[in-house]
Amino acid sequence: MTQHWHLLSPEEALKLQHSSPTGLTTSVAQQKLQSEGRNELKTKKKKSPIFLFLQQFLNVMILVLIVGAVVSGIVGELSDTIVILVIILLNAVIGFVQEYRAEKAMEALGKLAVPTTKVIRDGKPTDIPSPELVKGDLVLLEAGAAVPADLRLMEVHSLKIEEAGLTGESQPVDKTTDPLDDKSLPLGDRTNMAFSGTNVTNGRAQGVVVATGMDTELGKIAGMLQEEGSETPLQKRMGDFGRRLTIIILLLCGVLFLAGYLRGEEIGNMLLTSISLAVAAIPEALPAVITVSLALGAGRLAKRNALVRKLYAVETLGSVTYICTDKTGTLTKNKMEVVDLWVTNEADQMRMVQAMALNQDVKKQDNILTGDPTEVAILNYAQTQESFDKQWRKKNKRVHELPFDSDRKAMTTIHEYDGKFLVISKGAAESIAQISIGDDTVIKEQEERMAQEGMRVLGFATKVLDALPADITIETIEKDLDFLGLVGLIDPPREEAKKAIHECKSAGIVPVMITGDHPLTAASIAREIGILDNDQQKVITGKELAAMSERKFAKEVLDIRVYARVSPEQKLNIVKALQNRDQFVSMTGDGVNDAPSLKRANIGIAMGITGTDVTKEAAHMILLDDNFATIIKAVREGRRIYDNITKFIKYIMTGNAAEIWSIFLAPLIGLPIPLLPVHILWVNLVTDGLPALALAAEPAEKGIMSHPPRDPKESIFAKGVGRHIIWVGILVGLLTVGTQWYEINSGADHWQTIVFTVLCLSQLWHVMAVRSHKESLFSQGLLGNKTLLGAVLLTIALQMAVIYVPFLNNFFHTQPLTLEELAVAFGVSSITFWAVEVEKTFKRNKK
Ligand code: ATP
């Protein structure tokens, strides 16, 4: 029978779940986890390694090749068939290893991103991974949290939950705790429940878990949820490009086959040659390779504390032109310390200290204060004051609260007070001045005095009420208070912030500070770390922004470096305005209200430590250490990954082009086709493959952070990549055909082995030269990419084996070369290297 939890009282629900106000014990929870299963929705099964391996063969061209090889084996030479099959197998192994690594990297990322939930276990609040929640657990919710399971609410404070994902209702719903009496209420009207998959937008609450995993209301409809498409723009573009190229190559191979046939070549051989060329030259693996590079890049980023949620971000990081960042905790250490105290009236000193001691959510665990650093600092300071009284917390129990939100920039608590009620508000000085009685001019003067020195300033006000209004809301409570005074706190900048800002600017990226703090405080810190460094750069406040016309804002937005006292909603306007001016914007955020602007930003970045679930959900990337410097590291890494992808494409496509040229040019000047199918496949699927993979390990180029960001719409073939593929492809084609012509004319009987070796070695020389787009290998150093060097040496060894091992000679139709011939092959192929070095010299000189 399904239990209708919304009909029960909180106490009944608690009892039915065999729980208590102190929560479950850890041991009971563990037993329940065993018997009930994890709190997870069953998602699609991941690919098994065997499936992943078999998938490498599921490719039309490879299948055609296998069939072709088998058929030609039956009618002709079986050894060809065996070699081709072995080459395909080797190629599949290389592809499999790559993809498997990428899957593992993605899986590891998934594990890092597991959400956590605050629960009460053994009577103490603890954070546990949400999948380990069990029925009967007491869950604590606060603004920004994703509801982790279905809960019967037991205690609520201004709780609002947005349930659009479940009910379609976009307005957040006010929640209560009272039992309801209609069994068949739709989910949206069960206001004393919180459902898995919905988000807290406001307030705090506590509830008992009544359903987990697939038993939740969300689980019941989980089958209907679909995964969003995950192709990145680059993958899409390369996919489209590959399809077009495939058609061209198929046409070319058709022409090759026809021409060969007309010239009277043997049909079976011609067919296999054409198919081999098609398999070799069609870059159908490119999108997969890009995914692998991005996924492995994401893995490396995670090690540097930047957790990528959408692969797309890895690719686009390099295009960021504006980084809009929070101040507190990101640019600063979020290690607050009270350094100034000002009271309006000396006689109020004790009331001020009492207000500071009581108006906070700091928790004490094992004698350590934990919670919002601002509040911890204020409480710490209050405790050192002479008038501090330890008994306050007991005597003046908190009975109500209006939680902090960053729009009104204040919070209020209500305490018992000898039969009456003590109301305490704290917040931004002007927010508190607005709701209290006091001399606004003097308050403002004092506030500015502190803010100018970079202090964060908070005001306090109190009042005593004989009775509480029936309805406790911001409107009924936050008014007519007595202004008590101000505290000034310092929060020093992070040591690495200054350097990171400097690097950011030299990379052509504009850093912008967006903060809820006072403009003077913000400007002071912005100046200290280098965000503000000349008079053209502007500081504006949320109020000024709100009063500005859209046109004026659009005109000024590029000059504004600091936004102070802004509300999270305004962040969205800032992103839009920058995007309208063709900027590629990255935006950080932590609170629930930041989610829309993060979603809208080109790269939305959520804070890993202070960020709420909702923000993380909306973000493209999560900063595990909340540190601005990490964003810059990620940009650098993003640029490197993109760079390496272009190098990879440059290398692979040049190689493909070279093969096509060789096969086509030779018959044009009356020479036989220079290579056998096995040679084409060997060069393309094996000896090209290993070095190509190793290009991903190429370190960042010197000066990678001193050129401006890449235009996100820029083609991957821009900046000379396309030109390079064409001319180097032709060059290598000429080298192989030239060698063929020379060797045939000078009567060398194993000319084919020489040509085959020239082609193979040219690729290796080429890969060493494309390690950098501009820098010479000699200044880069041979050992700069040891993986690549290893791959090149291994490939040379493999090629030598094919030439010199008698057993392989049979299979590859090769003959051992004399030392002289080998030297010729090395020498001729090295022309590729020198030519590309010259190209790079030109590029360097152009700058
Ligand atoms: P940033 O966006 O740089 O992180 P911030 O953290 O200062 O800025 P908010 O947390 O929105 O932004 O704070 C805005 C203002 O609200 C602060 O300047 C302070 O005056 C006030 N404030 C901050 N924390 C509290 C708190 N716990 N209680 C009352 N007021 C607070």
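Summary of computed values
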{"read-out": "For region 126-174: relative contact order, % (alpha-carbon pairs under 8 angstrom, 6 or more apart)", "value": "22 percent"}
{"read-out": "Neighbour net charge for residue 838 - beta-carbon separation under 15 angstrom, K R +1, D E -1", "value": "+3"}
{"read-out": "Options 208, 829, 788, ranked by Cα towards positive dipole end of the chain, top entry (Cβ charges)", "value": "829"}
{"read-out": "Accessible surface of the chain, 1.4 Å probe, proportion on carbon and sulfur as whole %", "value": "58 percent"}
{"read-out": "Degrees between helix 519-529 axis and first principal axis of the chain (Cα, 0 to 90, nearest 10)", "value": "40 degrees"}
{"read-out": "Selected from 721, 170, 290, residue furthest toward positive end of dipole (the chain; charges at beta carbon)", "value": "721"}
{"read-out": "Residue-normalised accessible area of region 337-490, expressed per residue, 1.4 Å probe, Å²", "value": "49 Å²"}
{"read-out": "Qualifying lysines (Cα of each under 26 Å from Cα of residue 552; at least 8 residues distant if same chain)", "value": "327, 505, 538, 543, 571, 576, 599"}
{"read-out": "Subset of 555/843; 104/616; 335/616 violating a 27 Å alpha-carbon distance limit", "value": "555/843"}
{"read-out": "Cubic angstrom per residue, convex hull over Cα atoms of region 543-605", "value": "78 Å³"}
{"read-out": "Per-peptide average of other Cβ atoms within 10 Å, ordering 689-702, 754-767, 161-174 highest first", "value": "754-767, 689-702, 161-174"}
{"read-out": "Unit Cα scatterers, Debye sum, region 85-220: log10 I(q)/I(0) for q = 0.22 Å⁻¹", "value": "-1.33"}
{"read-out": "Backbone HN-Hα couplings from phi across region 297-312 [Karplus 6.51/-1.76/1.60, Hz, Gly and Pro as x]", "value": "x, 4, x, 5, 4, 4, 5, 9, 6, 10, 8, 8, 9, 10, 3, 3"}
{"read-out": "Spin-label pair residue 482/residue 805, simplified geometry with 7 Å Cα→Cβ offset, distance in nm", "value": "9.3 nm"}
{"read-out": "Of 197, 60, 355, farthest towards positive along the dipole that unit charges on Lys, Arg, Asp, Glu beta carbons give the chain", "value": "60"}
{"read-out": "Per-residue HN-Hα couplings for region 476-482 [Karplus 6.51, -1.76, 1.60; θ = phi - 60°; Hz; x = Gly/Pro]", "value": "7, 9, 7, 7, 6, 8, 9"}
{"read-out": "Solvent-accessible heavy-atom area per residue, rounded to whole Å², over region 538-641 at 1.4 Å", "value": "37 Å²"}
{"read-out": "At R0 = 51 Å, FRET efficiency that the Cβ-Cβ distance of residue 372 and residue 47 yields, to 0.05", "value": "0.70"}
{"read-out": "Accessible area of region 696-847 divided out per residue, in Å², using a probe of 1.4 angstrom", "value": "47 Å²"}
{"read-out": "Protection-proxy order for peptides 834-846, 580-592, each taking the mean of Cβ atoms within 10 Å per residue, highest first", "value": "580-592, 834-846"}
{"read-out": "Cβ-Cβ FRET estimate between residue 778 and residue 259, R0 fixed at 56 Å, reported to 0.05", "value": "0.80"}
{"read-out": "Coordinate range along principal axes, alpha carbons of region 353-425, Å, largest first", "value": "33, 28, 21"}
{"read-out": "Distance histogram in 10 Å bins (all Cα pairs of the chain, percent per bin)", "value": "2, 11, 18, 18, 16, 12, 10, 7, 4, 2, 0, 0"}
{"read-out": "All-pairs alpha carbon distance profile, region 172-216, 10 Å steps from 0, percent", "value": "23, 58, 19"}
{"read-out": "Compactness of region 49-102 - radius of gyration and Dmax, Cα, Å", "value": "12.4, 41"}
{"read-out": "Paramagnetic reach from residue 126 (point 7 Å along Cα→Cβ, amide N under 11 Å) across region 13-55", "value": "24-30"}
{"read-out": "Derived scalar couplings ³J(HN,Hα) [region 108-118; Karplus, 6.51 cos²θ - 1.76 cosθ + 1.60; whole Hz; x for Gly, Pro]", "value": "4, 4, x, 5, 5, 8, 4, x, 10, 9, 8"}
{"read-out": "Separation of alpha-carbon centers, region 173-197 and region 360-421, rounded to whole Å", "value": "32 Å"}
{"read-out": "Dimensionless Rg ratio for region 275-405, taking C-alpha atoms and the 2.2 N^0.38 Å reference", "value": "1.92"}
{"read-out": "Along each principal axis, Cα extent of region 464-566, largest first, Å", "value": "61, 38, 21"}
{"read-out": "Non-local Lys pairs in region 633-771, i.e. 8 or more apart or on different chains, that have alpha carbons under 19 Å apart", "value": "7"}
{"read-out": "Dipole magnitude (debye, nearest 20) for the chain, charges at Cβ of Lys, Arg, Asp, Glu", "value": "1600 debye"}
{"read-out": "About the Cα centre, charge dipole magnitude for region 337-490 (Lys/Arg +1, Asp/Glu -1 at Cβ), debye", "value": "620 debye"}
{"read-out": "Accessible heavy-atom area order of 154, 653, highest first, probe of 1.4 Å", "value": "154, 653"}
{"read-out": "Distance (nanometres) between label positions extended 7 Å along Cα→Cβ at residue 407 and residue 449", "value": "3.5 nm"}
{"read-out": "447, 337, reordered so the largest accessible area comes first (probe 1.4 Å)", "value": "337, 447"}
{"read-out": "Value of Rg/Rh across region 337-490 [Cα atoms, Kirkwood radius]", "value": "0.94"}
{"read-out": "Mean-position separation - Cα centroids, region 697-762 and region 518-581, in angstrom", "value": "49 Å"}
{"read-out": "Region 49-102: relative contact order as a whole-number percent, Cα under 8 Å and 6+ apart", "value": "47 percent"}
{"read-out": "For region 241-306: Kirkwood Rh in Å [reciprocal of mean 1/r, alpha carbons]", "value": "14.2 Å"}
{"read-out": "Pairwise Lys count, region 337-490 - Cα closer than 14 Å, eight or more residues apart or different chains", "value": "8"}
{"read-out": "Reduced Cα scattering model of region 697-760, Debye log10 I(q)/I(0), q = 0.15, 0.18, 0.24, 0.27 Å⁻¹", "value": "-0.68, -0.78, -1.01, -1.10"}
{"read-out": "Point-charge dipole on Cβ atoms (K/R +1, D/E -1) for region 542-647, about Cα centre, debye to 20", "value": "400 debye"}
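The values are calculated or read from the model by the stated rules, or taken from the named source; none is laboratory data. Just so we're clear, the structure is a prediction, and the values are computed from it rather than from any experiment. As a convention, Cβ positions derive from the backbone with ideal geometry for all residues, glycine included, and neighbour counts pool all protein chains shown. Just the protein is used for accessible areas: all its heavy atoms, side chains included, with ligands, DNA and RNA removed. Shrake-Rupley method; radii C 1.70, N 1.55, O 1.52, S 1.80 Å.
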